[in-house]
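Reviewing the structure listed below.
The values are calculated or read from the model by the stated rules, or taken from the named source; none is laboratory data. Just so it is clear, the structure is predicted and the values come from calculations on it, not from any experiment. Cβ placement follows ideal geometry from the backbone for every residue including glycine, while neighbour counts extend to all protein chains displayed.
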Amino acid sequence: MIISRAKNVLANEAKAITKLIKKVGPEFKGAVEFISRTKGRVIVTGMGKPGFIAQKVSATMSSTGTPSLYLHPAEALHGDLGRVTREDVIIAFSNSGETEEVIRLIPIIKKIGARLIAVTGNLKSTLATNSDFVIDSSVDKEACPLNLAPTTSTTVMLAIGDALAIALLEMKKFQPKDFALYHPGGALGKRLLLKVGDIMRRSSYTAVVKYNTKVKDVLLRITEKRAGSASVVNSSGKLVGIFTDGDLRRHIEEGTDILNAKVGDVMTRRPVTIKADRLAAEAFDILREKRIDEIPVVDGKGKPVGLLDVQDILKAGLV
């Protein structure tokens, strides 16, 4: 019974969204074009369950390049309408189109001079007939077996809100770097904003040795810097290799007199490198693909300026 009911709910809502596709037409296009031209903000409102949908739609718009805020219709009637200017556009969500708190806003919105977009299931309602653009969100029935609780209708409203936000995103030519700007605190923002130079270990905290240095001295240098590897340079200071614990183990197993060997003879030659201005996420992808733990950071002349360890990426919260 439980599984059957759940499947019925999902089927009902999926069917409603599929039918919604055919309703997208001139009114939707006109609403998007008008919003894209507005000099003000998109103020989204709704009461009850549609109000929660309105909050989510406003948040999605704000994070995708369309300045927006949510206005509670009841609070609006007690002073919050002062947030609305003639440059703004209002999107009102109401399934019936007769929600009292929303309807009472209409004459004041008109007086202020803001434009009104209705998302409603009743195209003959007071809200619809007094709006500049009307987007049809009607459904055949709610997923609630009593056909009372807002379920399918709010799902459709949410889908319409997403469609509006993404259509605006594309019109504004919103790019990943713009998205990252509004999401700096999360892993997504870090992947799009954090550079290698922001989290790498600077040269003063890394072991940089010349290729003719003996391994025993290299190990002391690594220990001194508390590093996991050493960047090996030639006489001109250009990176020519990297010496890691993997190199040490491999040569011990081969029976090499590793401690007295020159690091240039036992290092890993032509290591993968990266520059400080590249994205840290790109460095992580390289580390994962190559199955290595460290990657030397070099400047334009191939000289080491730092080292990025997989632990640095983990500490930065990139993954």
Residues of segment 247-294 classified as of a type outside the set (K, R) and within 16 Å of I199 (Cα to Cα), total: 15
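Residues to consider are T18, T45, T64, T38; find the one that is closer than 18 Å to S131 by Cβ, hydroxyl-bearing (S, T, Y) and either loosely packed, with under 14 Cβ neighbours inside 10 Å or in contact with a Leu (Cβ under 7 Å, 6 or more places away or on another chain) (or both). Let's see the steps before the verdict.
On the way: T18 fails: closer than 18 Å to S131 by Cβ; T64 fails: closer than 18 Å to S131 by Cβ; T38 fails: either loosely packed, with under 14 Cβ neighbours inside 10 Å or in contact with a Leu (Cβ under 7 Å, 6 or more places away or on another chain) (or both).
It is T45.
Taking the options A114, A128, name whichever one is assigned by TED's automatic domain parsing to the domain that holds F34 and touching a residue at least 60 places away in the same chain (Cβ under 8 Å). Walk me through how you get there before you give the answer.
On the way: A128 fails: touching a residue at least 60 places away in the same chain (Cβ under 8 Å).
Among A114, A128, only A114 is assigned by TED's automatic domain parsing to the domain that holds F34 and touching a residue at least 60 places away in the same chain (Cβ under 8 Å).
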Residue match in segment 100-112 (condition: over 19 Å from T60 (Cβ atoms) and part of a loop (DSSP other than H, G, I, E, B)): yes
Check on S4, free of Cβ contacts under 8 Å to residues at least 40 places away in the same chain, part of a helix (DSSP H, G or I) and of a type in the set (S, T, Y): yes
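Which ones in segment 306-315 are hydrophobic (A, V, I, L, M, F, W, C) and surrounded by 20 or more Cβ atoms within 10 Å (Cβ to Cβ)? Talk me through it step by step, then tell me what you get.
Our first condition is that a residue be hydrophobic (A, V, I, L, M, F, W, C); within segment 306-315, this holds for 307-308, 310, 313-314.
Across segment 306-315, the qualifying residues are L307, L308, I313.
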Segment 258-284, residues that are assigned to a loop (DSSP other than H, G, I, E, B) and touching a helix residue (DSSP H, G or I) at 6+ places or on another chain (Cβ under 9 Å): A261, M267, V272, A276, D277, R278
